[in-house]
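The values are calculated or read from the model by the stated rules, or taken from the named source; none is laboratory data. Here the structure is a predicted model, which is why all the values come from computation and not from measurement. Cβ placement follows ideal geometry from the backbone for every residue including glycine, while neighbour counts extend to all protein chains displayed.
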Amino acid sequence: LVSKLPDVGTSIFSVMSQLAAECGAINLAQGFPDYDPPRVLSEALARHATTPGHQQYAPMPGLPRLREQISLKTARLYGVPAPHPDSEITVTSGATEALYAVLAAVVRPGDEVLVLEPAYDLYGPAIRLQGGVPVYVPLRLPDFRPDWDLVAAALTPRTRLVLLNSPHNPSGAVLTADDLRTLGQLLDNTPTLVLSDEVYEHMVFDGQQHRSVLQEPALAERSFVLSSFGKTYHATGWKVGYCIAPPLLTAEVRRVHQFVTFAVSTPTQHALADVLPDPELYTSLPEFYQQKRDLFAGLLRDHTRFELLPAPGAYFQLARYHRISSEDDVTFAQRLTREAGVAVVPVSAFYHDRRDHGLVRFCFAKRDETLIAAADRLRQL
Ligand code: PMP
Ligand code: GLN
């Protein structure tokens with residue numbers, strides 16, 4: 001068999017988690033919490049898992065009652081017209097499936113997809129599997145802001161899609177209303193669509209607000225907006241996300257979704273629909289995660305030689321290690337895992353050409369005692 005992705009190895013998140021397990025290291029590499037979902041949610045799932053009638057296929061686009069709640073939440077949170085549950089919302093197997101379904105639905109061979117780098121590791125390979133051509137535009141260090149002149153220069157008549165991710169993995173950078181307005185102007189009168197990965201929408205710190213592309217009308221009309229209940233409810237293993245898009249775009253996503261997974265786990269969707277009406281479960285997240293960021297950043301700053309970059313959103317802290325080692329970031333991340341017992345992700349994994357900026361990514365979605373224990377292991381460096 002001739003591989004369709006010959007240059008692609010196993011995802012860095014699997015690689016580092018496996019190495020962490022082998023070494024007994026504290027896993028601050030792969031992004032997932034080491035605490036459980038809210039009790040009300042787990043109890044709801046337990047209930048629905050034994051409710052007769054909730055054990056068979058859900059409707060292909062998602063349970064109506066869950067799509068209804070997503071619609072209400074979106075309108076309330078972002079002050080936008082409620083997306084129509086029947087024609088504008090699709091429940092997917094995590095944001096991962098939504099990303100894949102959107103790319104498969106819209107990217108044709110030879111189409112260009114503009115990707116701001118560093119970028120989540122799925123984007124490039126998923127674009128290439130459709131025959132698309134990822135066009136990479138670098139974000140500016142150290143704040144990982146987009147340079148809109150570079151974006152403008154990279155747009156061509158073949159640009160099918162612009163891929164956004166805010167709050168950003170791995171940097172936490174957050175797009176502003178001005179950014180979205182600028183992009184809206186750049187795309188005016190073009191057929192270019194937008195795929196906006198907003199899975200960390202509830203993790204923005206220091207009083208800043210997440211801006212959804214849904215709030216920029218020039219973008220909303222051409223956008224697929226993705227989120228993930230895995231992030232919002234500390235339930236990455238449940239693999240439920242969703243895609244909001246105008247009716248014609250949603251119809252195309254569903255053409256793919258129906259043949260990728262058909263539908264998402266029924267009892268899980270019921271449980272999520274039960275808890276979605278409670279805003280406290282997500283409005284508490286900025287404070288919850290900011291406390292973790294500040295705790296971990298404070299420990300690293302006071303007791304280690306890492307140099308921290310700003311971490312305005314998501315649940316990741318980037319750090320330079322040049323005062324500790326001159327190794328490349330992959331070698332350093334592996335040695336840190338093996339010798340210090342703390343697993344991290346080398347940031348070169350987020351660049352298509354494995355560009356090395358001497359940066360590693362720590363995930364701080366961990367219990368305070370985990371963060372304290374990890375920082376303690378990093379003191380000796
Ligand atoms: N996009 C980004 C930027 C992510 O960080 C993740 C999760 N790691 C995903 C998408 C995938 O989300 P899910 O787990 O819901 O499939
Ligand atoms: N999004 C998570 C991260 O960035 C990992 C998800 C995965 O392992 N696929 O670490």
Looking only at residues that are farther than 30 Å from Leu381 by Cβ and among the small types (Gly, Ala, Ser) in the range 263-308, which one is surrounded by the fewest Cβ atoms within 10 Å (Cβ to Cβ)?
Ser284
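Based on this model, can you work out whether Asp188 counts as at positive phi, surrounded by fewer than 17 Cβ atoms within 10 Å (Cβ to Cβ) and either touching a helix residue (DSSP H, G or I) at 6+ places or on another chain (Cβ under 8 Å) or of a type in the set (Val, Ile, Thr) (or both)?
Judged against the criteria, Asp188 is not a match.
Matching residues to (1) of a type in the set (Asp, Glu); (2) assigned by TED's automatic domain parsing to the domain that holds Met60; (3) crowded, with 23+ Cβ neighbours inside 10 Å; (4) in contact with a helix residue (DSSP H, G or I) (Cβ under 7 Å, 6 or more places away or on another chain):
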site: Tyr100; (1), (2), (3), (4): no, yes, no, yes
site: Val106; (1), (2), (3), (4): no, yes, no, yes
site: Pro109; (1), (2), (3), (4): no, yes, no, no
site: Leu139; (1), (2), (3), (4): no, yes, no, no
site: Val174; (1), (2), (3), (4): no, yes, yes, no
site: Val194; (1), (2), (3), (4): no, yes, yes, yes
site: Phe205; (1), (2), (3), (4): no, yes, no, yes
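In the range 163-194, what count of residues is obtained for those that are over 28 Å from Ala319 (Cα atoms) and not in a loop (DSSP other than H, G, I, E, B)?
Summing the residues that are over 28 Å from Ala319 (Cα atoms) and not in a loop (DSSP other than H, G, I, E, B) in the range 163-194 gives 9.
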Could you figure out which of (1) more than 15 Å from ligand 1 (Cβ to nearest atom); (2) touching a residue at least 24 places away in the same chain (Cβ under 8 Å); (3) within 27 Å of Val137 (Cα to Cα) isn't true of Ser326?
(2)
If you scan the range 149-189, which residues turn out to be of a type in the set (Gly, Ala, Ser) and more than 16 Å from ligand 2 (Cβ to nearest atom)?
Ala152, Ala153, Ala154, Ala177, Gly184
Restricting the search to the range 190-232, which residues are more than 16 Å from ligand 2 (Cβ to nearest atom) and of a type in the set (Asp, Glu)?
Asp206, Glu216, Glu221
Mind checking whether some residue in the range 62-70 is away from ligand 1 (no atom under 16 Å from the Cβ), surrounded by 20 or more Cβ atoms within 10 Å (Cβ to Cβ) and within 18 Å of Phe262 (Cβ to Cβ)?
yes
Close pairs from the range 95-123: first farther than 15 Å from Val225 by Cα and more than 10 Å from ligand 1 (Cβ to nearest atom), partner in a helix (DSSP H, G or I) and of a type in the set (A, V, I, L, M), Cβ under 7 Å, at least 6 apart:
Ala104/Val256; Val107/Ile127; Val113/Ile127; Leu114/Val151; Leu114/Ala154; Pro118/Val347
Is it the case that some residue within the range 144-155 is among the β-branched types (Val, Ile, Thr), crowded, with 21+ Cβ neighbours inside 10 Å and not in a loop (DSSP other than H, G, I, E, B)?
no
Which one of these does Ile127 not meet: (1) surrounded by fewer than 23 Cβ atoms within 10 Å (Cβ to Cβ); (2) assigned to a helix (DSSP H, G or I)?
(1)
Within the range 83-94, is there a residue that is within 16 Å of ligand 2 (Cβ to nearest atom) and in a helix (DSSP H, G or I)?
yes
Does the range 44-53 include one or more residues that are in contact (Cβ under 8 Å) with a residue 40 or more places away in the chain, among the polar types (S, T, N, Q), in the same structural domain as Val260 (by TED's automatic domain parsing) and part of a loop (DSSP other than H, G, I, E, B)?
yes
Tell me, please, whether a residue that is assigned to a strand (DSSP E or B) and touching a Lys or Arg at 6+ places or on another chain (Cβ under 9 Å) can be found in the range 359-379.
yes
In the range 188-211, which residues are within 11 Å of ligand 1 (Cβ to nearest atom) and closer than 18 Å to Val113 by Cβ?
Leu195, Ser196, Asp197, Glu198
Suppose we keep only residues that are farther than 24 Å from Ala314 by Cα and touching a Ser or Thr at 6+ places or on another chain (Cβ under 8 Å) within the range 112-136. Which one would you say is farthest from ligand 2 (Cβ to nearest atom)?
Glu112
For Glu198, are the conditions met, namely being touching a residue at least 24 places away in the same chain (Cβ under 8 Å), under 23 Å from Pro33 (Cα atoms) and buried (at least 19 other Cβ atoms within 10 Å of the Cβ)?
yes
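Results for (1) crowded, with 24+ Cβ neighbours inside 10 Å; (2) in contact with a strand residue (DSSP E or B) (Cβ under 6 Å, 6 or more places away or on another chain), shown as yes or no for each residue.
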{"residue": "Gln334", "(1), (2)": "no, no"}
{"residue": "Val344", "(1), (2)": "yes, yes"}
{"residue": "Ser348", "(1), (2)": "no, no"}
{"residue": "Arg355", "(1), (2)": "no, no"}
{"residue": "Gly358", "(1), (2)": "no, yes"}
{"residue": "Arg361", "(1), (2)": "yes, yes"}
{"residue": "Arg367", "(1), (2)": "no, no"}
{"residue": "Ala374", "(1), (2)": "yes, yes"}
{"residue": "Arg379", "(1), (2)": "no, no"}
